[in-house]
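J.: Please see the structure below; I have some questions.
The values are calculated or read from the model by the stated rules, or taken from the named source; none is laboratory data. For clarity, every value in this text was computed on a predicted model and none was experimentally measured. Because the Cβ atoms are built from the backbone with ideal geometry, glycine has one as well, and the counts that use them run over all protein chains shown.
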Amino acid sequence: MTMTGERYGVVPGGRRATLPVFIAFTFRDGLIASERFFFDLSELCAQSGVSTGAVRHKLFGEIR
């Protein structure tokens with residue numbers, strides 16, 4: 001994947017990241033009703049060249 005645009009409070013450098021992703025779907029009436037993505041945020045940040053700390057702060061606020 002490649003982070004594009006300003007996401008998670010940081011501007012990505014356009015570098016490509018390769019990491020495993022798990023996607024869980026629920027279905028209703030034969031159609032996708034919801035989806036959840038699971039991935040290693042720290043690895044995505046490292047490969048994309050953005051600060052993991054800045055992203056965590058944007059997503060979760062002050063962590064104690």
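Results for (1) of a type in the set (A, V, I, L, M, F, W, C); (2) exposed (fewer than 11 other Cβ atoms within 10 Å of the Cβ); (3) modelled with pLDDT of 85 or more, shown as yes or no for each residue.
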| position | (1), (2), (3) |
| --- | --- |
| Tyr8 | no, no, no |
| Pro12 | no, no, no |
| Thr18 | no, yes, yes |
| Arg36 | no, yes, yes |
| Glu43 | no, no, yes |
| Gln47 | no, no, yes |
| Gly61 | no, yes, no |
| Arg64 | no, yes, no |
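J.: Further question: In this structure, is Ala24 of a type in the set (A, V, I, L, M, F, W, C), more than 10 Å from the chain's Cα centre (by Cα), within 19 Å of Leu59 (Cβ to Cβ) and not in a loop (DSSP other than H, G, I, E, B)?
T.: Values: of a type in the set (A, V, I, L, M, F, W, C): yes; more than 10 Å from the chain's Cα centre (by Cα): yes; within 19 Å of Leu59 (Cβ to Cβ): no; not in a loop (DSSP other than H, G, I, E, B): yes.
Considered against the rule, which asks whether it is of a type in the set (A, V, I, L, M, F, W, C), more than 10 Å from the chain's Cα centre (by Cα), within 19 Å of Leu59 (Cβ to Cβ) and not in a loop (DSSP other than H, G, I, E, B), Ala24 comes out as no.
Residues checked against (1) touching a His at 6+ places or on another chain (Cβ under 6 Å); (2) in a loop (DSSP other than H, G, I, E, B); (3) without any contact (Cβ under 8 Å) to a residue 24 or more places away in the chain:
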site: Gly5; (1), (2), (3): no, yes, yes
site: Pro12; (1), (2), (3): no, yes, no
site: Thr18; (1), (2), (3): no, yes, no
site: Ala33; (1), (2), (3): no, no, yes
site: Glu43; (1), (2), (3): no, no, no
site: Gln47; (1), (2), (3): no, no, no
site: Val50; (1), (2), (3): no, yes, no
site: Gly53; (1), (2), (3): no, no, yes
site: Lys58; (1), (2), (3): no, no, no
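J.: Now a separate question. Would you pick out the residues in region 27-46 that are of a type outside the set (A, V, I, L, M) and more than 12 Å from the chain's Cα centre (by Cα)?
T.: If the condition is that a residue be of a type outside the set (A, V, I, L, M) and more than 12 Å from the chain's Cα centre (by Cα), then Phe27, Arg28, Asp29, Gly30, Ser34, Glu35 are the ones that fit.
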